[in-house]
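Take a look at the structure set out below.
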Amino acid sequence: MLQHSRTASPLLSRPGAVPAEGHDEGVAAHYGDLFREQRALADGRGLVDLSHRGVVAVTGDDRLSWLHLLLTQHVSDLPAGQATESLILSAHGHIEHALYLVDDGETVWMHVEPGTEEALIAYLESMKFFYRVEVAERTAEIAVVHLPAGSIAEVPNGVVVRETPHGRDLFLPRADLESYADTNGPLAGILAYEALRVETHRPRVGFETDHRTIPHELGWIGSAVHLQKGCYRGQETVARVHNLGKPPRRLVFLHLDGSEVHLPGPGTPIRLAADGEEGRKLGFITTSARHHELGPIALALVKRNVPVDAELLAGDTAAAQETVVEP
């Protein structure tokens, strides 16, 4: 997983805040009560501090037509205010970046995985050529804040909003982060946000991806990859797999045995329950979480030919699968 150095969020000084580690370092894992924080988000209350995520802005008259040439999503005619998501692929079609975008009529704003913004900007800068575009990192001035679906929290004037079925991402001036949290709490940590992400089967770069992941394996065709647009890097692989074959792996959702005390973490091998713990490895856990209603849950990547009704083992923990990506 990518590591990064980021100034810690001022919200880590709030009562009960426990810092997140690893990929999400810099914000709170939770504020003392994981399930209470999840329930608040599920009820449309509170906010999540995502200020550790990278923020990149693209301006200029050619911004949409230029991005359209580089991204997997159709963005040349993206209406102002309409959220979308897109990927940047390698020449072989492997996922390198996931971008969460909105255009405000003058600027395309995007947030990306923590620590990936420098590599993304280097790639974008290398592709500018004669297009009238400017690319800027804005992470130091802009903090991403997430409001859950159903939230009635007010958005300050001038703040760019990216609205999706799962909630609203605000591109908030970093200087306003503490005052906004004061009036729009309760605060929920990244673990609560991640549990709801796993529940809704949403993949995340660096978690559900490795160096050879292609979009088809994670269900990103359609939501982040447009199949009828023109060429972009990696497009040949996307088209070939879509038209002629099947991806080698598929994303599954797992209900884990709730009687186990430990939660099998990322990388835990997946095997057929019938074969036991010495059986052939068929995949691995990508993200696991404790959910306020469902109990322990996980996303995992398994070989495409694993039967959809097979009982599985995650390490030594029994796991029942739900299909996310059809075999």
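The values are calculated or read from the model by the stated rules, or taken from the named source; none is laboratory data. Remember, it's a predicted structure, so these values are computed and weren't measured experimentally. Cβ coordinates were reconstructed from backbone atoms using ideal geometry, including for glycine residues, and neighbour counts include every protein chain displayed. With ligands, DNA and RNA removed, areas are computed over all heavy atoms of the protein, side chains included. Shrake-Rupley method; radii C 1.70, N 1.55, O 1.52, S 1.80 Å.
Of note:
- Net charge dipole size for segment 197-311 [Lys, Arg +1 and Asp, Glu -1 on Cβ; Debye, nearest 20]: 720 debye
- Here, segment 223-327 is characterised by an Rg to Rh ratio of 1.06, where Rg is the alpha-carbon radius of gyration and Rh the Kirkwood radius.
- Three principal axis lengths of segment 210-249 [C-alpha, angstrom, descending]: 26, 20, 17
- Translational diffusion of segment 89-145, µm² s⁻¹ [Kirkwood Rh, Cα pairs; Stokes-Einstein; 25 °C; 0.890 mPa s]: 191 µm²/s
- DSSP-assigned coil residues among GluC sites (Glu not before Pro) in segment 57-153, each with at most 16 further Cβ atoms within 10 Å: GLU106, GLU141
- Charge dipole of segment 121-175 (Cα centre as origin; +1 on each Lys and Arg Cβ, -1 on each Asp and Glu Cβ, all else neutral): 80 debye, rounded to the nearest 20.
- Percent accessible area from carbon and sulfur atoms, segment 166-278, protein chains only, probe 1.4 Å: 53 percent
- Here the relative contact order of segment 191-278, from alpha carbon pairs under 8 Å that lie six or more residues apart, stands at 30 percent.
- Here's the picture: charge each Lys and Arg Cβ at +1 and each Asp and Glu Cβ at -1 in segment 45-150, and of ALA80, LEU99, LEU147 the one pushed furthest to the positive end of that dipole is LEU147.
- Dipole of segment 115-178, positive end: most advanced residue of TYR131, ASN157, ALA119 [Cβ charges, Cα centre]: TYR131
- Relative contact order of the chain, pairs being alpha-carbon contacts under 8 Å that are 6 or more residues apart, as %: 19 percent
- Cα-based convex hull, segment 1-81, per residue volume (Å³, whole number): 166 Å³
- Cα-based Rg and Dmax for segment 85-205, where Dmax is the largest Cα-Cα distance (Å): 15.7, 47
- Lys/Arg +1, Asp/Glu -1 at C-beta; segment 22-84 dipole; positive extreme among VAL58, LEU34, LEU47: LEU34
- Note on the chain: lysine pairs with Cα distance below 28 Å, sequence gap of 8 or more or different chains, count 5.
- Accessible surface calculations at 1.4 Å, restricted to protein heavy atoms, place the chain at 44 Å² per residue.
- Size of charge dipole - segment 1-106 - debye, nearest 20, with Cβ of Lys, Arg +1 and Asp, Glu -1, no other charges: 400 debye
- Distances between placed amide hydrogens fall under 5 Å for ASP62 paired with ARG132, all partners being 5 or more residues away or on another chain.
- When the GluC sites (Glu not before Pro) in segment 20-74 are filtered for DSSP coil states and for at most 13 other beta-carbon atoms within 10 Å of their beta-carbon, the remaining sites are GLU21.
- Among the trypsin sites (Lys or Arg not before Pro) in segment 275-325, those located in a DSSP loop and surrounded by at most 11 other Cβ atoms within 10 Å of their own Cβ are ARG280, LYS281.
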